[in-house]
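Since the structure comes first, as C-alpha coordinates, the remarks are kept for the end.
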Amino acid sequence: MAEAMASHGSLTSLFVKSLILFHRFIPHVSSFPTTVGSPRHPALRWGRVPRALVSFVDSHSSKHYQLFSSKQSHLDQPNHLSNDFVRRREFLSRMSSTVSIVMLPSVPVNALDEETPFHSAAYGQEEYTNSIIASRDTNISPKEVYDTISSEYLKEALDAALKERGGRGAAGPRALDVGAGAGVSTEVLYKLGYHKIDALDWSGSAWQRYVVDDPTGYCPPGVTFYELDDERYLDQWRMNYYEGVNNFKQQQQAGGLLFDVIVFNFAVNESKAKLFARELLDKSHGRLLAPINTMNDYWLKQTYKVMDSDGNVLWSAADVGAWSVQFQPDVTQETCSGVWCAPFNGFQKKK
(Lines give C-alpha, C1' and ligand atoms only; values in the text may rest on other atoms or scores of the structure.)
Protein backbone atom coordinates (compact mmCIF):
# COMPACT_ATOMS: atom_id res chain seq x y z
CA MET A 1 0.00 0.00 0.00
CA ALA A 2 2.87 2.33 0.94
CA GLU A 3 4.57 1.56 -2.39
CA ALA A 4 1.37 2.32 -4.26
CA MET A 5 1.00 5.64 -2.45
CA ALA A 6 4.64 6.50 -3.13
CA SER A 7 4.15 5.67 -6.81
CA HIS A 8 1.03 7.82 -6.95
CA GLY A 9 2.93 10.68 -5.30
CA SER A 10 5.74 10.40 -7.85
CA LEU A 11 3.29 10.47 -10.76
CA THR A 12 1.54 13.47 -9.26
CA SER A 13 4.85 15.30 -8.82
CA LEU A 14 5.85 14.39 -12.38
CA PHE A 15 2.55 15.73 -13.77
CA VAL A 16 2.79 18.95 -11.73
CA LYS A 17 6.34 19.58 -12.88
CA SER A 18 5.31 19.00 -16.47
CA LEU A 19 2.46 21.47 -16.14
CA ILE A 20 4.85 23.99 -14.61
CA LEU A 21 7.23 23.60 -17.53
CA PHE A 22 4.40 24.11 -20.05
CA HIS A 23 3.00 27.06 -18.17
CA ARG A 24 6.32 28.86 -17.61
CA PHE A 25 7.87 28.23 -20.99
CA ILE A 26 4.95 29.08 -23.28
CA PRO A 27 3.99 32.56 -21.94
CA HIS A 28 7.51 34.00 -22.31
CA VAL A 29 7.91 32.66 -25.82
CA SER A 30 4.54 33.71 -27.15
CA SER A 31 4.17 36.93 -25.14
CA PHE A 32 0.50 36.15 -24.41
CA PRO A 33 -0.92 37.60 -21.18
CA THR A 34 -1.01 34.91 -18.49
CA THR A 35 -3.70 36.27 -16.21
CA VAL A 36 -5.99 33.42 -15.20
CA GLY A 37 -9.42 33.98 -16.66
CA SER A 38 -8.09 35.95 -19.60
CA PRO A 39 -9.45 34.54 -22.88
CA ARG A 40 -5.91 34.82 -24.25
CA HIS A 41 -4.31 32.79 -21.46
CA PRO A 42 -2.36 30.08 -23.40
CA ALA A 43 -3.79 27.21 -21.40
CA LEU A 44 -7.28 28.44 -22.16
CA ARG A 45 -6.53 29.13 -25.84
CA TRP A 46 -4.89 25.77 -26.56
CA GLY A 47 -6.81 22.71 -25.41
CA ARG A 48 -9.37 24.55 -23.27
CA VAL A 49 -7.82 23.50 -19.93
CA PRO A 50 -10.25 23.89 -16.98
CA ARG A 51 -9.77 27.18 -15.18
CA ALA A 52 -9.29 25.45 -11.82
CA LEU A 53 -6.32 23.55 -13.28
CA VAL A 54 -4.81 26.77 -14.65
CA SER A 55 -5.08 28.39 -11.21
CA PHE A 56 -3.46 25.30 -9.65
CA VAL A 57 -0.51 25.45 -12.05
CA ASP A 58 -0.15 29.21 -11.56
CA SER A 59 0.25 28.85 -7.82
CA HIS A 60 2.66 25.90 -7.98
CA SER A 61 4.78 27.24 -10.80
CA SER A 62 5.29 30.53 -8.96
CA LYS A 63 6.49 28.73 -5.83
CA HIS A 64 8.88 26.42 -7.71
CA TYR A 65 10.30 29.18 -9.87
CA GLN A 66 10.80 31.56 -6.95
CA LEU A 67 12.59 28.83 -4.98
CA PHE A 68 14.89 28.05 -7.90
CA SER A 69 15.59 31.74 -8.52
CA SER A 70 16.63 32.37 -4.93
CA LYS A 71 19.06 29.44 -5.07
CA GLN A 72 20.65 30.79 -8.24
CA SER A 73 21.03 34.39 -7.05
CA HIS A 74 24.76 33.91 -6.49
CA LEU A 75 25.48 33.24 -10.17
CA ASP A 76 27.54 35.83 -12.02
CA GLN A 77 25.73 36.68 -15.24
CA PRO A 78 27.20 38.26 -18.43
CA ASN A 79 26.35 41.92 -18.70
CA HIS A 80 24.51 41.56 -22.01
CA LEU A 81 21.94 39.12 -20.55
CA SER A 82 19.46 39.87 -17.81
CA ASN A 83 19.60 37.83 -14.63
CA ASP A 84 15.98 36.88 -15.08
CA PHE A 85 16.55 35.50 -18.59
CA VAL A 86 19.53 33.35 -17.52
CA ARG A 87 17.76 32.01 -14.44
CA ARG A 88 14.74 31.06 -16.53
CA ARG A 89 16.92 29.31 -19.11
CA GLU A 90 18.78 27.37 -16.42
CA PHE A 91 15.47 26.43 -14.81
CA LEU A 92 14.12 25.05 -18.08
CA SER A 93 17.32 23.14 -18.70
CA ARG A 94 17.15 21.39 -15.34
CA MET A 95 13.48 20.62 -15.66
CA SER A 96 13.90 19.12 -19.13
CA SER A 97 16.65 16.81 -17.91
CA THR A 98 14.46 15.29 -15.16
CA VAL A 99 10.99 15.15 -16.58
CA SER A 100 9.30 14.36 -19.89
CA ILE A 101 6.56 16.49 -21.38
CA VAL A 102 3.09 15.23 -20.41
CA MET A 103 0.15 16.09 -22.66
CA LEU A 104 -2.37 18.29 -20.90
CA PRO A 105 -5.82 16.77 -20.48
CA SER A 106 -8.02 18.17 -23.22
CA VAL A 107 -11.60 19.30 -22.78
CA PRO A 108 -13.85 19.35 -25.85
CA VAL A 109 -14.52 22.92 -26.94
CA ASN A 110 -18.28 22.37 -26.97
CA ALA A 111 -18.21 21.20 -23.35
CA LEU A 112 -17.52 24.75 -22.20
CA ASP A 113 -19.82 26.51 -24.64
CA GLU A 114 -23.51 27.22 -24.21
CA GLU A 115 -25.99 25.68 -26.64
CA THR A 116 -25.85 27.31 -30.05
CA PRO A 117 -29.16 29.17 -30.42
CA PHE A 118 -31.75 28.46 -33.07
CA HIS A 119 -31.45 30.60 -36.19
CA SER A 120 -33.35 30.92 -39.44
CA ALA A 121 -31.77 32.81 -42.32
CA ALA A 122 -35.20 34.36 -42.91
CA TYR A 123 -35.07 36.10 -39.53
CA GLY A 124 -34.54 39.82 -40.06
CA GLN A 125 -36.15 39.90 -43.52
CA GLU A 126 -39.63 40.68 -42.20
CA GLU A 127 -41.13 44.11 -42.95
CA TYR A 128 -43.92 46.12 -41.36
CA THR A 129 -47.33 45.74 -43.05
CA ASN A 130 -45.86 43.56 -45.86
CA SER A 131 -45.65 39.79 -46.34
CA ILE A 132 -42.63 38.30 -48.13
CA ILE A 133 -42.80 35.08 -50.13
CA ALA A 134 -40.55 32.42 -48.56
CA SER A 135 -41.62 29.50 -50.75
CA ARG A 136 -44.51 28.46 -52.96
CA ASP A 137 -46.48 27.54 -49.84
CA THR A 138 -45.21 29.99 -47.23
CA ASN A 139 -44.95 33.71 -46.53
CA ILE A 140 -42.79 35.54 -44.04
CA SER A 141 -45.49 37.44 -42.16
CA PRO A 142 -45.46 41.20 -41.56
CA LYS A 143 -43.28 42.28 -38.64
CA GLU A 144 -46.38 43.14 -36.62
CA VAL A 145 -46.98 39.40 -36.27
CA TYR A 146 -43.63 38.79 -34.59
CA ASP A 147 -44.05 41.85 -32.39
CA THR A 148 -47.34 40.33 -31.19
CA ILE A 149 -45.68 36.97 -30.47
CA SER A 150 -43.22 38.87 -28.27
CA SER A 151 -46.11 40.30 -26.23
CA GLU A 152 -46.34 40.28 -22.44
CA TYR A 153 -48.94 37.48 -22.48
CA LEU A 154 -46.44 34.98 -23.80
CA LYS A 155 -43.71 36.31 -21.50
CA GLU A 156 -46.03 35.80 -18.52
CA ALA A 157 -46.40 32.14 -19.45
CA LEU A 158 -42.62 31.86 -19.70
CA ASP A 159 -42.10 33.38 -16.24
CA ALA A 160 -44.75 31.11 -14.73
CA ALA A 161 -43.16 28.01 -16.29
CA LEU A 162 -39.74 28.94 -14.95
CA LYS A 163 -41.15 29.58 -11.49
CA GLU A 164 -43.17 26.36 -11.32
CA ARG A 165 -40.68 23.93 -12.85
CA GLY A 166 -37.44 25.75 -12.25
CA GLY A 167 -34.60 26.18 -14.71
CA ARG A 168 -34.48 25.31 -18.35
CA GLY A 169 -33.33 22.17 -20.14
CA ALA A 170 -35.67 19.18 -20.32
CA ALA A 171 -38.10 20.73 -17.82
CA GLY A 172 -37.87 24.19 -19.35
CA PRO A 173 -40.66 26.19 -21.01
CA ARG A 174 -42.25 24.45 -24.02
CA ALA A 175 -43.80 26.07 -27.09
CA LEU A 176 -45.80 24.78 -30.05
CA ASP A 177 -45.26 26.76 -33.25
CA VAL A 178 -48.07 25.87 -35.68
CA GLY A 179 -47.40 26.92 -39.27
CA ALA A 180 -43.72 27.58 -38.57
CA GLY A 181 -42.92 28.15 -42.27
CA ALA A 182 -39.41 29.56 -42.64
CA GLY A 183 -38.77 29.48 -38.89
CA VAL A 184 -39.01 33.20 -38.12
CA SER A 185 -41.72 32.68 -35.49
CA THR A 186 -39.66 29.79 -34.07
CA GLU A 187 -36.68 32.09 -33.62
CA VAL A 188 -38.84 34.73 -31.93
CA LEU A 189 -40.07 32.10 -29.45
CA TYR A 190 -36.53 30.84 -28.89
CA LYS A 191 -35.26 34.36 -28.19
CA LEU A 192 -38.12 34.82 -25.71
CA GLY A 193 -36.77 31.86 -23.75
CA TYR A 194 -38.71 28.88 -25.09
CA HIS A 195 -35.89 26.43 -25.86
CA LYS A 196 -38.11 23.35 -26.14
CA ILE A 197 -40.14 23.91 -29.30
CA ASP A 198 -42.24 21.69 -31.54
CA ALA A 199 -42.41 23.52 -34.89
CA LEU A 200 -44.71 22.15 -37.56
CA ASP A 201 -45.83 22.96 -41.07
CA TRP A 202 -47.46 20.77 -43.70
CA SER A 203 -44.84 22.02 -46.17
CA GLY A 204 -41.20 21.77 -45.15
CA SER A 205 -39.77 23.64 -48.15
CA ALA A 206 -39.25 27.01 -46.45
CA TRP A 207 -37.83 25.39 -43.31
CA GLN A 208 -35.43 23.36 -45.46
CA ARG A 209 -34.27 26.46 -47.32
CA TYR A 210 -33.77 28.86 -44.40
CA VAL A 211 -32.95 26.59 -41.46
CA VAL A 212 -31.38 23.43 -42.93
CA ASP A 213 -29.72 24.36 -46.22
CA ASP A 214 -28.63 27.92 -45.50
CA PRO A 215 -25.12 27.89 -43.94
CA THR A 216 -26.19 30.45 -41.32
CA GLY A 217 -29.24 28.44 -40.24
CA TYR A 218 -29.09 26.22 -37.15
CA CYS A 219 -31.56 24.02 -35.28
CA PRO A 220 -30.47 22.94 -31.76
CA PRO A 221 -31.60 19.62 -30.25
CA GLY A 222 -34.36 21.27 -28.24
CA VAL A 223 -36.21 22.35 -31.39
CA THR A 224 -37.98 19.67 -33.44
CA PHE A 225 -39.59 20.27 -36.83
CA TYR A 226 -42.53 18.16 -38.01
CA GLU A 227 -43.56 18.26 -41.66
CA LEU A 228 -47.20 17.75 -40.70
CA ASP A 229 -50.42 19.72 -40.76
CA ASP A 230 -51.94 20.52 -37.37
CA GLU A 231 -54.56 17.74 -37.55
CA ARG A 232 -52.01 14.99 -38.19
CA TYR A 233 -49.74 16.43 -35.50
CA LEU A 234 -52.63 16.45 -33.02
CA ASP A 235 -53.33 12.77 -33.75
CA GLN A 236 -49.69 11.94 -33.06
CA TRP A 237 -49.59 14.07 -29.91
CA ARG A 238 -52.75 12.44 -28.51
CA MET A 239 -51.31 8.99 -29.04
CA ASN A 240 -48.13 9.89 -27.14
CA TYR A 241 -49.92 11.80 -24.39
CA TYR A 242 -52.73 9.39 -23.56
CA GLU A 243 -50.44 6.39 -23.80
CA GLY A 244 -48.43 8.02 -21.02
CA VAL A 245 -51.49 8.94 -18.95
CA ASN A 246 -52.86 5.38 -19.08
CA ASN A 247 -49.56 4.09 -17.72
CA PHE A 248 -49.26 5.30 -14.11
CA LYS A 249 -45.46 5.28 -14.17
CA GLN A 250 -45.43 7.58 -17.19
CA GLN A 251 -48.01 10.12 -16.03
CA GLN A 252 -45.40 12.58 -14.87
CA GLN A 253 -43.53 12.31 -18.17
CA ALA A 254 -46.78 12.74 -20.09
CA GLY A 255 -47.42 15.97 -18.21
CA GLY A 256 -44.26 17.27 -19.87
CA LEU A 257 -46.00 17.04 -23.24
CA LEU A 258 -48.26 19.99 -22.42
CA PHE A 259 -47.22 23.38 -23.78
CA ASP A 260 -46.77 26.68 -22.00
CA VAL A 261 -47.43 28.57 -25.24
CA ILE A 262 -49.08 27.74 -28.57
CA VAL A 263 -48.80 30.08 -31.56
CA PHE A 264 -50.80 29.75 -34.78
CA ASN A 265 -49.32 31.42 -37.86
CA PHE A 266 -52.33 30.99 -40.14
CA ALA A 267 -56.02 31.81 -39.88
CA VAL A 268 -58.19 29.35 -37.94
CA ASN A 269 -61.79 29.06 -36.84
CA GLU A 270 -62.39 29.72 -33.15
CA SER A 271 -63.38 26.09 -32.53
CA LYS A 272 -59.91 24.86 -33.54
CA ALA A 273 -58.18 27.44 -31.36
CA LYS A 274 -60.25 26.39 -28.33
CA LEU A 275 -59.59 22.70 -29.05
CA PHE A 276 -55.83 23.19 -28.98
CA ALA A 277 -56.01 25.45 -25.93
CA ARG A 278 -58.05 22.98 -23.88
CA GLU A 279 -56.12 19.87 -24.82
CA LEU A 280 -52.50 20.95 -25.24
CA LEU A 281 -51.95 23.93 -22.94
CA ASP A 282 -50.53 23.76 -19.42
CA LYS A 283 -53.57 24.05 -17.16
CA SER A 284 -52.16 26.60 -14.71
CA HIS A 285 -50.65 29.25 -16.96
CA GLY A 286 -50.75 28.16 -20.64
CA ARG A 287 -51.47 30.74 -23.34
CA LEU A 288 -52.52 30.39 -26.99
CA LEU A 289 -52.14 33.13 -29.63
CA ALA A 290 -54.05 32.76 -32.89
CA PRO A 291 -55.53 34.87 -35.73
CA ILE A 292 -59.17 33.78 -35.55
CA ASN A 293 -61.70 34.35 -38.32
CA THR A 294 -64.13 37.14 -37.51
CA MET A 295 -66.84 34.78 -38.77
CA ASN A 296 -66.67 31.02 -39.07
CA ASP A 297 -65.02 29.93 -42.35
CA TYR A 298 -64.57 33.55 -43.44
CA TRP A 299 -60.91 33.68 -44.48
CA LEU A 300 -60.62 37.33 -45.50
CA LYS A 301 -60.38 38.91 -42.01
CA GLN A 302 -59.13 37.72 -38.64
CA THR A 303 -58.84 39.00 -35.09
CA TYR A 304 -55.79 38.22 -33.01
CA LYS A 305 -56.79 36.53 -29.74
CA VAL A 306 -54.97 35.23 -26.67
CA MET A 307 -56.69 32.34 -24.85
CA ASP A 308 -56.04 30.49 -21.61
CA SER A 309 -56.27 26.71 -21.19
CA ASP A 310 -60.08 26.91 -20.85
CA GLY A 311 -60.46 28.79 -24.13
CA ASN A 312 -61.30 32.07 -22.43
CA VAL A 313 -60.24 35.15 -24.41
CA LEU A 314 -57.79 37.31 -22.46
CA TRP A 315 -56.93 39.80 -25.20
CA SER A 316 -57.96 40.56 -28.79
CA ALA A 317 -57.10 42.99 -31.58
CA ALA A 318 -58.47 43.32 -35.12
CA ASP A 319 -55.58 45.59 -36.08
CA VAL A 320 -51.97 45.57 -34.95
CA GLY A 321 -50.38 48.93 -35.57
CA ALA A 322 -51.05 49.89 -39.18
CA TRP A 323 -51.64 46.27 -40.20
CA SER A 324 -55.10 44.80 -40.49
CA VAL A 325 -54.82 41.19 -39.33
CA GLN A 326 -55.12 38.79 -42.29
CA PHE A 327 -53.38 35.42 -42.69
CA GLN A 328 -53.27 32.50 -45.07
CA PRO A 329 -56.27 30.18 -44.60
CA ASP A 330 -56.25 26.87 -42.76
CA VAL A 331 -55.47 24.31 -45.48
CA THR A 332 -57.13 21.49 -43.53
CA GLN A 333 -60.60 23.03 -43.82
CA GLU A 334 -63.04 22.09 -46.59
CA THR A 335 -63.94 25.76 -47.01
CA CYS A 336 -60.35 26.74 -47.80
CA SER A 337 -60.18 28.03 -51.39
CA GLY A 338 -57.72 29.84 -53.62
CA VAL A 339 -54.02 29.48 -54.46
CA TRP A 340 -53.06 28.71 -50.84
CA CYS A 341 -55.41 25.72 -50.72
CA ALA A 342 -55.79 22.29 -52.30
CA PRO A 343 -55.63 21.32 -55.08
CA PHE A 344 -53.49 24.28 -56.17
CA ASN A 345 -50.80 23.90 -53.48
CA GLY A 346 -50.55 20.12 -53.50
CA PHE A 347 -51.85 19.64 -49.97
CA GLN A 348 -53.64 16.36 -49.29
CA LYS A 349 -56.20 16.45 -46.52
CA LYS A 350 -56.27 13.68 -43.95
CA LYS A 351 -58.87 10.99 -44.74
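The values are calculated or read from the model by the stated rules, or taken from the named source; none is laboratory data. The structure displayed is predicted, hence computed values, not measured ones. Using ideal geometry, Cβ is built from the backbone for each residue, glycine included, and neighbour counts are taken over all protein chains shown.
Annotation: residue 298 fulfils all but one of (1) without any contact (Cβ under 8 Å) to a residue 60 or more places away in the chain; (2) assigned to a loop (DSSP other than H, G, I, E, B); (3) under 21 Å from residue 197 (Cα atoms); the unmet one is (3). Within region 281-292, identify whether any single residue is touching a residue at least 12 places away in the same chain (Cβ under 8 Å), in a loop (DSSP other than H, G, I, E, B) and within 30 Å of residue 342 (Cα to Cα), and answer yes or no. Scanning region 281-292 turns up no residue that is touching a residue at least 12 places away in the same chain (Cβ under 8 Å), in a loop (DSSP other than H, G, I, E, B) and within 30 Å of residue 342 (Cα to Cα). Inspection of region 160-171 finds a residue satisfying the criterion of being without any contact (Cβ under 8 Å) to a residue 12 or more places away in the chain and assigned to a loop (DSSP other than H, G, I, E, B).
Residues checked against (1) of a type in the set (A, V, I, L, M, F, W, C); (2) surrounded by fewer than 18 Cβ atoms within 10 Å (Cβ to Cβ):
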position: 259; (1), (2): yes, no
position: 265; (1), (2): no, no
position: 271; (1), (2): no, yes
position: 284; (1), (2): no, yes
position: 287; (1), (2): no, no
position: 293; (1), (2): no, no
position: 315; (1), (2): yes, yes
position: 325; (1), (2): yes, no
position: 328; (1), (2): no, no
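I'd like to check something: does region 198-209 contain any residue that is of a type in the set (A, V, I, L, M, F, W, C), assigned to a helix (DSSP H, G or I) and surrounded by 24 or more Cβ atoms within 10 Å (Cβ to Cβ)? Walk me through how you get there before you give the answer.
At the first step, the residues of region 198-209 found to be of a type in the set (A, V, I, L, M, F, W, C) are 199-200, 202, 206-207.
Cutting the leftovers down to assigned to a helix (DSSP H, G or I) gives us 206-207.
Retained after the next criterion (residues that are surrounded by 24 or more Cβ atoms within 10 Å (Cβ to Cβ)): 206-207.
Scanning region 198-209 turns up at least one residue that is of a type in the set (A, V, I, L, M, F, W, C), assigned to a helix (DSSP H, G or I) and surrounded by 24 or more Cβ atoms within 10 Å (Cβ to Cβ).
For residue 273, indicate whether it is closer than 17 Å to residue 177 by Cβ, modelled with pLDDT of 90 or more and not basic (Lys, Arg).
Numbers: closer than 17 Å to residue 177 by Cβ: yes; modelled with pLDDT of 90 or more: yes; not basic (Lys, Arg): yes.
So residue 273 passes the test.
Number of residues in region 151-185 that are surrounded by fewer than 21 Cβ atoms within 10 Å (Cβ to Cβ) and either within 22 Å of residue 338 (Cβ to Cβ) or in contact with a Lys or Arg (Cβ under 8 Å, 6 or more places away or on another chain) (or both): the value is 6. So the check is Cβ under 7 Å with 6+ separation or different chains; which pairs have a first residue in region 315-328 that's closer than 10 Å to residue 129 by Cα and a second one that's assigned to a strand (DSSP E or B) and of a type outside the set (Gly, Ala, Ser)? Listed by first residue and then by second, the contacts come to 320/304; 325/291; 325/302; 325/303; 325/304; 325/319.
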